[in-house]
Amino acid sequence: MWFSLETIVSRAKRRGFAYPGSDIYGWLANARDLGPYGTEIKRNIENSRRTYFVQERGDIIWLDSQILMNPKVREASGHVAGFSDPLVDCKKCKSRFRADKLIEESLLKSKDKELPKNRAGEKTPAEDLFAFLWAKKVKCPVCWASEWTEPKKFNLMFKTEQGVIEGEWMDIYLRPETAQGIFVNFKNILDTMRVRIPFGIAQVGKAFRNEITPGNFMFRVREFYQMEIEYFVENDEKVWLKAFKEWMQTSKKRWIDEIWISEKKLKFREHDKEELAFYSKGTFDVEYEFPWGRGELQGIAYRTDYDLSQHIKFSGKDLQYSDPLTGKRYVPHVIEPSRGLTRAILTAMIDAYDEEKYTDGNGVEQTRVVARFHKNIAPIKFAVIPLVKKDEKMVQMAHDIYKKLSKDHMCEFDDSGNIGKSYRRQDEIGTPYCITVDHQSLEDGTVTIRERDSMKQKRIKSEDITF
């Protein structure tokens with residue numbers, strides 16, 4: 001069943017998953033703060049990823065690099081010169097859009113899947129998209145007019161200044177991706193860690209992009225979390241092709257196994273040559289069917305040796321890998337499975353949301369809202385509820401169970417006194433198990449444990465509660 005984005009947004013604020021940024025000052029457009037439950041989902045996804053890729057695999061290590069870096073890093077990576085979007089304005093309503101996105105949406109709706117040819121017989125480059133917009137009479141999504149200004153390049157990086165004396169500041173950028181922090185530490189990793197190719201370096205952190213058209217709640221925002229891995233392989237076509245295919249299989253499987261995303265809503269899409277990043281020789285996206293249409297969750301890119309070669313050129317440092325067995329020296333090639341952590345949180349909230357009809361004990365049909373999070377990423381694992389809030393012994397036993405479980409799991413103690421409302425609240429939060437302490441609990445030490453999805457209940461010994 002599909003639910004509107006408005007429903008997801010409303011529930012996110014009402015139940016403490018995400019709030020509008022700077023809310024008491026009227027909000028900052030497209031800025032979102034993670035609430036207590038959103039923060040827990042983020043932590044759970046991040047921990048799951050670290051456990052699987054770093055702790056269990058053995059061929060990937062962890063890194064945490066700085067957001068602010070020497071400006072030459074961005075020059076070497078190509079972001080200063082090439083990290084921009086072609087923007088056009090509607091002449092009638094003055095709305096601004098990315099030209100490539102307008103064309104992408106137009107091609108999806110049209111039978112004509114090819115961009116127009118220029119005189120050389122090649123597909124139209126990004127800077128000539130103006131001709132396509134006019135030739136195909138692409139309509140403005142706001143006012144439906146078909147009159148466009150010529151595209152202008154808009155750099156996506158946020159620029160700031162570093163220094164203490166006015167007039168002597170140095171221009172510096174907020175990172176638009178976490179990848180370069182990995183590449184500039186490649187030599188440090190080789191010098192200090194016992195790594196052998198193939199191996200990977202993983203990082204989770206914030207990135208910043210001055211998106212001109214952010215939107216769709218937390219899908220496209222200017223400040224977001226990324227989860228990136230740079231996997232270094234030998235510069236041999238058979239080797240990188242094999243690694244690329246393995247990462248494609250692993251990537252889709254992790255969305256299903258780690259976040260419990262519906263497989264039928266996931267799809268691989270290969271990038272056309274026109275939309276490839278300047279560093280990529282091939283890219284596949286893992287996409288999800290959102291309420292507004294398909295959107296990217298993850299990119300798996302073959303970056304060749306572009307990044308390390310650029311940093312060798314700009315820094316003058318030797319970033320080659322020396323094989324200890326063969327003595328062969330070479331600049332490694334890179335497979336990059338890059339995931340949006342902020343988008344993963346959003347996708348988990350959307351995919352888990354459900355509304356279902358049921359008949360209560362009085363025979364009345366009711367509707368309950370339930371978040372069917374996989375238990376590994378659910379923000380709260382157990383809710384402990386004393387049936388009678390004024391019964392001191394009952395409350396004390398519930399507190400003891402809560403303290404015991406809280407050593408290993410994020411739990412909530414709910415003594416509101418209304419068991420029905422407590423269940424409904426925990427269902428909407430996505431808590432897998434509710435534990436109720438009642439009069440029988442005081443007699444024999446058993447409790448009632450209720451399972452979220454089935455709503456089935458059973459009595460067990462309090463010491464037998466497991467996750």
Exercise. Using modelled backbone amide H atoms (1.01 Å from N, in-plane), which distant-in-sequence or interchain residues come within less than 5 Å of Gly282's amide H?
Worked result: Tyr302
Exercise. Which ³J(HN,Hα) values in Hz, rounded to whole numbers, follow from the phi angles of segment 177-183 under the Karplus curve 6.51 cos²θ - 1.76 cosθ + 1.60, where θ = phi - 60° and Gly and Pro get x?
Worked result: 7, 8, 4, 5, x, 6, 5
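Can you bin segment 380-464 into rounded, prolate or oblate? Criterion: square roots of the alpha carbon gyration tensor eigenvalues sorted a ≥ b ≥ c, rounded for a/c under 1.5, prolate for a/b above b/c, oblate for the rest. Spell out each step's value before the answer.
Numbers: a/c = 1.36, a/b = 1.28, b/c = 1.06.
Here segment 380-464 falls in the rounded category.
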For this session: Work out how much length Asn235 to Ile460 would gain on full extension: take 0.36 nm times their residue separation and subtract the Cα-Cα distance, in nm to one decimal.
Result: 75.2 nm
For this session: Evaluate Rg over Rh across the chain, taking Cα atoms for both radii and Kirkwood's formula for Rh.
Result: 1.03
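As a check on your grasp of the helix formula, calculate [θ] at 222 nm for the chain: sum -39500 (n - 2.57) over DSSP H runs of n ≥ 4, divide by the residue count, round to the nearest 500. Could you put the intermediate results ahead of the total?
On the way: 14 runs with 143 residues, N = 467.
About -9000 deg cm²/dmol.
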For this session: Treating the angle as unsigned and between 0 and 90°, give the value, to the nearest 10°, between the Cα long axis of helix 306-315 and the longest Cα principal axis of the chain.
Result: 70
Exercise. Which residues in segment 10-35 place their backbone N less than 18 Å from a point set 7 Å from the Cα of Asn47 along the Cα-to-Cβ direction?
Worked result: 35
Exercise. Taking the Cβ-Cβ separation of Asp415 and Ser10 as r and a Förster radius of 22 Å, what is the calculated FRET efficiency to the nearest 0.05?
Worked result: 0.20
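May I ask which of Lys13/Lys139; Lys152/Lys245; Lys245/Lys267; Lys91/Lys159; Lys42/Lys94 have a Cα-Cα span longer than 27 Å here? Don't jump to the answer; show the numbers that get you there.
Values: Lys13/Lys139 34 Å; Lys152/Lys245 37 Å; Lys245/Lys267 15 Å; Lys91/Lys159 29 Å; Lys42/Lys94 37 Å.
Over 27 Å Cα-Cα: Lys13/Lys139; Lys152/Lys245; Lys91/Lys159; Lys42/Lys94.
What net charge do the residues around Trp169 carry, taking every other residue with its C-beta under 14 Å from that of Trp169, with Lys and Arg at +1 and Asp and Glu at -1? Each step should come with its number before you reach the end.
Working: positive: Lys159; negative: Glu161, Glu166, Glu168, Asp171.
Summing Lys/Arg as +1 and Asp/Glu as -1 gives -3.
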Exercise. In what sequence do His439, His409 fall when counting other Cβ within 10 Å, fewest first?
Worked result: His439, His409
For this session: For each cysteine in the chain, check whether another cysteine's C-beta sits under 4.7 Å from its C-beta; list those where none does.
Result: Cys411, Cys434
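Using 0.36 nm per residue, how much length does the chain from Phe154 to Glu356 gain when fully extended, once their Cα-Cα distance is taken away? The partial results should precede the final answer.
Details: separation 202, 0.36 × 202 = 72.72 nm, distance 4.57 nm.
Fully extending the segment from Phe154 to Glu356 adds 68.1 nm.
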Exercise. Any idea how far apart Arg194 and Asp272 come out in nm if each label point goes 7 Å out from Cα toward Cβ?
Worked result: 5.1
Seminar exercise, completed: Scalar couplings 3J(HN,Hα) for segment 14-29 by Karplus 6.51 cos²θ - 1.76 cosθ + 1.60 (θ = phi - 60°), nearest whole Hz, x for Gly and Pro, are 4, 9, x, 8, 7, 10, x, x, 6, 4, 6, 9, x, 6, 9, 3
Exercise. Once both labels are modelled 7 Å past Cα along the beta-carbon direction, what's the Ile24-Gln55 spacing in nm?
Worked result: 3.8
Seminar exercise, completed: Here the residues of segment 223-242 lying in the modelled label zone of Thr326, meaning backbone nitrogen under 20 Å from a point 7 Å along Cα-to-Cβ, are 231-242
For this session: Count charges around Ser322 for me, please; just the other residues with Cβ under 10 Å from its Cβ, Lys/Arg as +1, Asp/Glu as -1.
Result: 0
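The numbers here are math on the coordinates, done by the rules we state, and not lab data. Since the model is a prediction, treat every value here as computed from it, not as a measurement. Counting neighbours? That spans all protein chains shown, and the Cβs are built from the backbone with ideal geometry, glycine included.
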